[in-house]
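The values are calculated or read from the model by the stated rules, or taken from the named source; none is laboratory data. Small disclaimer: the values here were computed from a predicted structure and weren't measured. No Cβ is skipped: glycine too gets one built from the backbone with ideal geometry, and neighbour counts run over all protein chains shown.
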Number of protein chains: 2
Amino acid sequence: MTDAATFHAGLIVIDGLEYSNWSRALFEELRAGGVSAVHATAVYWEDARQTLALLADWNRRFREHGDLIRPAFSAEDIRAAKREGRIAFILGAQNCSPIEQDLGLVEIFRRLGLAVMQLTYNNQSPLGGGCYEAVDSGLTRFGREVLREMNRVGMIADLSHSGEKTTLDAIEHSSRPICISHANPNFFHENIRNKSETVLRALGQSGGMLGFSLYPLHIGGAGRSLEDFTAMVARTADLMGVEHIGIGTDTVRGWPDSVLEWMRSGRWTWSDAKPQWPEWPGWFKSPADFGNLTAALLQRGFQPSDVARIMGDNWLNFFDSGLKAAT
Amino acid sequence: MTDAATFHAGLIVIDGLEYSNWSRALFEELRAGGVSAVHATAVYWEDARQTLALLADWNRRFREHGDLIRPAFSAEDIRAAKREGRIAFILGAQNCSPIEQDLGLVEIFRRLGLAVMQLTYNNQSPLGGGCYEAVDSGLTRFGREVLREMNRVGMIADLSHSGEKTTLDAIEHSSRPICISHANPNFFHENIRNKSETVLRALGQSGGMLGFSLYPLHIGGAGRSLEDFTAMVARTADLMGVEHIGIGTDTVRGWPDSVLEWMRSGRWTWSDAKPQWPEWPGWFKSPADFGNLTAALLQRGFQPSDVARIMGDNWLNFFDSGLKAAT
């Protein structure tokens, strides 16, 4: 192994977001990439009852592949996974659909392992405005109540797909730091899903976390270089503080194109668009390539301790406090 | 205090079944009766989604009255409640409606605190035959799967309202002891809800538990004497073994008559019957009278250690093993 590979193997590597059609092969891919924990999307548009079925599927997955994976309800579970040579899964929802209009379901789903929830997914939700809406409602009346309840029970708010006003409102009203688990700065690539310096500065100042996305649409396509990517990491570290950045690859593996349509459209629109999965950069074809990020960050001149932070320690610290119930 | 009252105050008293319209006054009534733990019905006919709302109501109740009550996920939580001077609530369903047709929901609801589930409530269910059906299907195909899954995750099967064949099938197929949380022997009072010697003997031999009911219809009305009741306890101890019997009062407090109709009819029939709550015996008007049972059992000549067993220790032992997940 190279020095960088040896260094990488010792890290707690955490991916801030993946949504894949999980199989043993994909768990082995994560292991090959030296990944200790993944925040995995369990829900896009599903309601409470459908979410129960999805969580039951996860229970079964944890049993059937117990030698490779385990659930994580806390940061301690991630540390245990690293010791055990397994991969910890923190489950999340990319939308607030599981809680329907019922404040009491926040605690219910937190207990079932849903540790992270986006307040909105692209569209207006009962909680706030999505990043694709023409008008951003900001955090709504119900949104404030839900955020307070999430703060109480230790469910992390994720604003990745929210509008700017809603994101800034959430940072202001949340008693705990929030995250943007998978997005990049707009200065790196202008995209409706990427974030302004205003948002990133407020996120860093409030103790929040940004996970850098590798999704081709968020980096400017498969042709974008790894050197460009690490330069963006360095500039963002200067802007937000190196303690507030991590990786959130937005990896989507093993799905047919129809699932991309489901993610985007759910059942809320009948679109004629037939979206296709994009091509990924050669230096990150899958989570098996996580070591390339570590090597490139070292090469960029980051201190090894800062590389360890970016590759997982920052997420670990964030989960350490964020996943505990309020006292 | 009398000697019996002092003795009672030192016991871990467990009520094997109550279903009340919970309020602070009713929690204080339990405290006045020296009750340490109650298996409380959370569900009669509700489906998965409705059950989530009921469990969320319980979460709120536990917060608002945290000085008096606490949830119990294990027998250890009951011991903790005794130490803290609080009352532990073990939640249960009187029917299998929460899991719908989904085996995965057993583990989901167990994790949410539903620790006991009846396989049937009076009627045929997907799992087995109810005690009011003309034909008892016995344990069904799905019933065997669910029972196996309950055994695995540590959810206790309760056969109180099941038909005789279904009850005997469950005793045979369950890898863990089951319970009949609230019923009496038919030799004491002939009633469709009470149980034959065949069932009681099989229940005792398999390590199961019977909770003696104080519900007027199960004892032969409000006029039945406490002496008759303790004589029945003594005869059942001889039949089943004193380690396999406890109390399951079937207390129902604070509800209008319409709720009795809901319990019996749900939405499965439109009945013209307007059932009314029955009058309770003078020696057990409410759980505040639990001490009367202890005193009468002592007077009957039971050893104090056996009285301690009947009043709670047997349930505690049963919960100790029954609520643990299989290894």
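Checking each residue of the stretch B:261-276 against the condition of being of a type outside the set (K, R) and over 22 Å from B:E133 (Cβ atoms) gives at least one match. Reported count of residues in the stretch B:142-170, each being crowded, with 21+ Cβ neighbours inside 10 Å, among the β-branched types (V, I, T) and more than 13 Å from B:L127 (Cβ to Cβ), is 1. From (1) within 28 Å of A:R60 (Cα to Cα); (2) of a type in the set (V, I, T); (3) free of Cβ contacts under 8 Å to residues at least 40 places away in the same chain, pick out the condition that doesn't hold for B:V135. Single failed check for B:V135: (1). Has the stretch B:34-43 got any residue that is out of contact with any helix residue (DSSP H, G or I) (no Cβ under 6 Å at 6 or more places or on another chain), within 12 Å of chain A (Cβ to nearest Cβ) and either surrounded by fewer than 16 Cβ atoms within 10 Å (Cβ to Cβ) or under 27 Å from B:F212 (Cβ atoms) (or both)? So far as the stretch B:34-43 goes, no, none of its residues is out of contact with any helix residue (DSSP H, G or I) (no Cβ under 6 Å at 6 or more places or on another chain), within 12 Å of chain A (Cβ to nearest Cβ) and either surrounded by fewer than 16 Cβ atoms within 10 Å (Cβ to Cβ) or under 27 Å from B:F212 (Cβ atoms) (or both). Among the residues of the stretch A:86-117, those identified as over 22 Å from A:A183 (Cβ atoms), of a type in the set (G, A, S) and in contact (Cβ under 8 Å) with a residue 24 or more places away in the chain are A:A88, A:G113. Of the helices (runs of 4 or more DSSP H) entirely within the stretch A:232-327, those holding at least 1 residues that are more than 18 Å from the chain's Cα centre (by Cα) and surrounded by fewer than 21 Cβ atoms within 10 Å (Cβ to Cβ) occupy A:257-265, A:290-300, A:304-308. If you go through the stretch B:175-188 and keep only what is over 18 Å from the mean Cα position of the chain (by Cα) and either buried (at least 20 other Cβ atoms within 10 Å of the Cβ) or polar (S, T, N, Q) (or both), you end up with B:S175, B:F188. Determine whether A:L91 is in a strand (DSSP E or B) and within 14 Å of chain B (Cβ to nearest Cβ). So A:L91 passes the test.
Looking at B:E64, B:E100, B:E46, just one residue is closer than 22 Å to A:E100 by Cα, within 14 Å of another protein chain (Cβ to nearest Cβ) and either in contact with a Lys or Arg (Cβ under 9 Å, 6 or more places away or on another chain) or modelled with pLDDT under 95 (or both), and that residue is B:E100. The set of residues in the stretch A:103-120 that are surrounded by fewer than 24 Cβ atoms within 10 Å (Cβ to Cβ) and over 21 Å from A:A56 (Cα atoms) contains only A:L103.
On inspection, A:R83 does not qualify as within 14 Å of chain B (Cβ to nearest Cβ), surrounded by fewer than 22 Cβ atoms within 10 Å (Cβ to Cβ) and assigned to a helix (DSSP H, G or I).
Checking each residue in the stretch A:73-89 for being farther than 26 Å from B:D57 by Cα and under 18 Å from the mean Cα position of the chain (by Cα) picks out A:A75, A:D77, A:I78, A:I87, A:A88, A:F89.
If you filter the stretch B:103-123 down to residues that are among the β-branched types (V, I, T) and closer than 20 Å to A:R49 by Cα, you find that the one that is nearest to the other protein chains (Cβ to nearest Cβ) is B:I108.
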